[in-house]
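Structure first, then comments.
The values are calculated or read from the model by the stated rules, or taken from the named source; none is laboratory data. Remember, it's a predicted structure, so these values are computed and weren't measured experimentally. All Cβ positions, glycine included, derive from the backbone under ideal geometry; neighbour counts span all protein chains shown. Side chains are part of the model used for accessible areas, which takes the heavy atoms of the whole protein and leaves out ligands, DNA and RNA. Shrake-Rupley method; radii C 1.70, N 1.55, O 1.52, S 1.80 Å.
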Amino acid sequence: APVALTSALTEAVADAERNGTVGATLDIEGAPRPLPTDVETTILRIAQESLTNVLKHADAKHVRVLLRYAEDDVTLEVSDDGRGWDAGQESPGRLGLLGMRERAKWIGASLSIASRVGQGARITLRVE
């Protein structure tokens, strides 16, 4: 059920807010629809890992999780206003990003990571 992913994300965001010093919001755009289980699981895991990274490393005040259901794709975006890093100098193992990329590849999704020092970071997972 589509409710499974949205409620699991709601839970993950609430946990992040409880366990950290960061304000966390979840926005859902479009009409949630059922996705294959492996896709829902991957979206959730990447959201959870991203939130963990923000809490541990970003020194952010706020993090936003956006799940957008469009006609042809579903996008997960996790953005924060933390310290960021130079994404051009990204070491492959950094912050579990490699694991996230592999998870994305597993379900045929694209994962992009945008960050600049002092400007936070944005991780975008797009599932077609």
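Values as computed for the structure displayed
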item: Convex hull volume per residue in cubic angstrom - Cα atoms of the chain; result: 89
item: 0 to 90° range, to nearest 10: angle between helix 2-19 axis and the chain longest Cα axis; result: 20
item: C-alpha long axis of helix 37-53 to longest principal axis of the chain, angle in °; result: 20
item: Per DSSP, loop GluC sites (Glu not before Pro) in the stretch 22-106 with at most 16 further Cβ within 10 Å; result: Glu71, Glu90
item: Dipole in debye (nearest 20) - the chain, about Cα centre, beta carbon charges: Lys, Arg +1; Asp, Glu -1; result: 340
item: For the chain: accessible area per residue (Å², 1.4 Å); result: 54
